[in-house]
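Below is one structure, written out as structure tokens; the observations come after it.
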Amino acid sequence: MSILSNSLAQADIETALHPYTDARAHAEHGPLVITRGEGVHVFDEAGKQYIEGLAGLWSVGVGFNEQRLVEAAHRQMQALPYYHSFAHKAHEPSIRLAEKLVEMSPENLTRVFFTNSGSEANDTVVKMLWYMNNALGRPEKKKFLARAKGYHGITVASGSLTGLPANHRDFDLPAIPVSHLSCPHFYRFGAEGESEAGFTARLLAEAEERILAEGPETIAGFIGEPLMAAGGVMPPPEGYWPGIEALCRKYDIVLIADEVINGFGRLGSSFGAVHYGFTPDIMVTSKQLTSSYMPLAAILFSEAIFDAIADNSHKIGTFGHGFTASGHPVATAVGLENLKIIEERDLIGNAARMGALMHRQLAPLADHPLVGEVRGTGLIAGIELVADKPARTPFDPARKVGIKAFEIGHEEGLICRNTGDTLALCPPMIVTEDDVERITARMTRIVERTWDWVRAERLVG
Ligand code: PMP
């Protein structure tokens, strides 16, 4: 390690509180300082190359050195580095990006609101629906339905919608009225002897019972990721989304698709909702919107929701919500260029083709004694490691098997992410056949090495 790296690591240990990190362990472990990126690769300060198998945080669609995005940012910085959208102001990049988003999205989504992050976007959705329902004279219609293991962010409202214990524990969340339904993951939560169709029917019956128990007149919205990503890469069972959509229509509940990871091609379709054949009233997008080169999220919503909010803003005199950087010109200019690249290079088609290849090459892992399930669709995959394959028994979380595999990944030059003992892959959408082969070969090696470790530690019988 160089003197510079030592001082950087030391400075980090002495100053930072890291997101999603055990802060005490960090003092021992230290940071992995990443210094540059190139295509699907990133490099650490010692010059070691890694394939970024998770595209950063499920987000760098176009890879790590796309010059067109650098130039778009530079051009916009020179023309107008900052302006806002409050009180009738506007600027071209946010107008053009909103127009582009409406053009790309399902037809019923005609309006756009920008925030800086997915969490802020979901908090905004909560506030929009509260505002709307007050305006419509139904102030009791304020609750949300979400799912266990869903991920919607970490701010006060979005963190409440998230269904993961670590995001609630000791944060006094949930802090808004939300009811979490069962996680729709068949492998883990299907009952003994139950078919996938039977599982879907049971989940839909549960949802309807919950709606009736809470009272449909009290429920504002249902939020879900079309394919649940951060909670462990869990595709929905067949027929789930059309069934949920029908319930939302029957009971006048706004259907919100959280497309923060799914959107802009990740599943090999434009959006997750399109992939699974349902029409949301609201779609929340971020991450791949700018390939995370700039912080930006966009909420797309229907004309009916817009009308109710617009009328109320007229009555009150303002829609009293918005961020200093809502629709930031540099972020929206980069977003627009990024979406052009996704279209021009057919990265959605590439995600479908390379995703199919990735799943074909990962499929043999499903026979490995350490692997319970290999799942996902398009360019997203989850490999769940289990202690007892026939019984589907998970490892004791205290043994941190997933973290071990994640660390072996770094040694093998593949950055993935572990959610518990599920290893997630979500590589940049520019991957080539050669990249996919290297990713799946390294993942196979990670599973083999983790298996050796698990046996050496006597974690399996
Ligand atoms: N929704 C989903 C589906 C996400 O995956 C994430 C982030 N992983 C968020 C919302 C929150 O986005 P952010 O981290 O930008 O606040």
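How large is the Kirkwood hydrodynamic radius of the chain, in angstrom, based on all distinct alpha carbon pairs?
On the way: mean 1/r = 0.0433 Å⁻¹.
About 23.1 Å for the chain.
Quick one: length gained pulling Trp453 to Asp307 fully straight, 0.36 nm per residue minus the C-alpha distance? Don't skip to the end; give the middle numbers.
Working: separation 146, 0.36 × 146 = 52.56 nm, distance 5.89 nm.
Length difference between fully extended and current span is 46.7 nm.
If you take every DSSP beta bridge whose two residues both sit in the chain, what share of them, in percent to the nearest 5, is antiparallel?
Numbers: 31 of 47 bridges.
The answer is about 65 percent antiparallel.
Which one, Ile446, Gly372, Ile430, is farthest towards the positive end of the dipole of the stretch 356-461 when Lys and Arg carry +1 and Asp and Glu -1 on their Cβ?
The listed residue farthest towards the positive side: Gly372.
Pick out, in residue order, every one of the trypsin sites (Lys or Arg not before Pro) in the stretch 372-403 that is DSSP loop and has at most 15 other C-beta atoms within 10 Å; say none if there are none. Show your work: numbers first, answer last.
Details: sites: Arg375, Arg392, Arg399, Lys400; in loops: Arg392, Lys400.
Here the trypsin sites (Lys or Arg not before Pro) that fit, given the DSSP loop and packing criteria, are Arg392, Lys400.
Tell me, what is the FRET efficiency for Ala23 and Ala46 to the nearest 0.05, using R0 = 25 angstrom and their Cβ-Cβ distance as r? Display every interim value, and only then the final one.
Values: r = 24 Å, r/R0 = 0.96.
FRET efficiency, Ala23 to Ala46: 0.55.
Loop-only check: which GluC sites (Glu not before Pro) in the stretch 146-236 are DSSP coil with at most 15 other Cβ within 10 angstrom? List each step's numbers first, then the result.
Values: sites: Glu192, Glu194, Glu196, Glu206, Glu208, Glu209, Glu214, Glu217; in loops: Glu192, Glu194.
Qualifying residues, ordered by number: Glu192, Glu194.
Of Lys149/Lys340; Lys149/Lys400; Lys100/Lys250; Lys149/Lys287; Lys127/Lys315, which ones are farther than 26 Å apart at the Cα? Walk me through the intermediate numbers first.
Numbers: Lys149/Lys340 33 Å; Lys149/Lys400 19 Å; Lys100/Lys250 32 Å; Lys149/Lys287 20 Å; Lys127/Lys315 17 Å.
Beyond 26 Å: Lys149/Lys340; Lys100/Lys250.
Give a quick list of trypsin sites (Lys or Arg not before Pro) in the stretch 41-110 that DSSP marks as loop, anything other than H, G, I, E or B, with at most 10 other Cβ atoms within 10 Å.
Values: sites: Lys48, Arg68, Arg75, Lys89, Arg96, Lys100; in loops: Lys48, Lys89.
Passing both the DSSP loop test and the Cβ count: Lys89.
So how much slack lies between Arg249 and Thr218, counting 0.36 nm per residue of separation and subtracting their Cα-Cα distance, in nm?
Additional length available on full extension: 9.7 nm.
Just to confirm a number: summing +1 for Lys and Arg and -1 for Asp and Glu over residues other than Arg345 whose beta-carbon lies under 14 angstrom from that of Arg345, what do you get? Please report the intermediate quantities before stating the final value.
Details: positive: Arg68, Lys340, Arg353; negative: Glu66, Glu337, Glu343, Glu344, Asp346.
Taking every Cβ under 14 Å from that of Arg345, the sum is -2.
On full extension of the chain, what length is gained from Ala441 through Ile403, given 0.36 nm per residue of separation minus the C-alpha to C-alpha distance? It would help to have the intermediate numbers written out before the result.
Values: separation 38, 0.36 × 38 = 13.68 nm, distance 1.92 nm.
Result: 11.8 nm gained on full extension.
Run the simple label-point estimate for Val70 and Ile34 please: 7 Å along Cα→C-beta, distance reported in nm.
That separation, rounded to one decimal, is 1.7 nm.
About the Cα centre of the stretch 323-461, what is the dipole size in debye to 20, counting +1 per Lys and Arg Cβ and -1 per Asp and Glu Cβ, all else neutral? Working shown, then result.
Working: 17 positive and 20 negative charges, 70 e Å.
With Lys and Arg at +1 and Asp and Glu at -1, about 340 debye.
Would you mind getting me the FRET efficiency between Ser179 and Val156? Use the beta-carbon distance for r and R0 = 22 Å, nearest 0.05. Don't skip to the answer; put the middle values down first.
Details: r = 17 Å, r/R0 = 0.78.
Given R0 = 22 Å and the Cβ-Cβ separation, E is 0.80.
If I take R0 = 35 Å and measure r between the Cβ atoms of Thr393 and Thr432 in this structure, what FRET efficiency does the formula 1/(1 + (r/R0)^6) give, to the nearest 0.05?
Working: r = 38 Å, r/R0 = 1.09.
Rounded to the nearest 0.05, the efficiency is 0.40.
We did not get these values from a lab; they are worked out from the coordinates using the rules stated. All values reported here derive from a predicted model rather than from experimental measurement. Methodologically, a virtual Cβ is constructed for each residue, glycine included, from the backbone with ideal geometry; neighbour enumeration extends over all protein chains shown.
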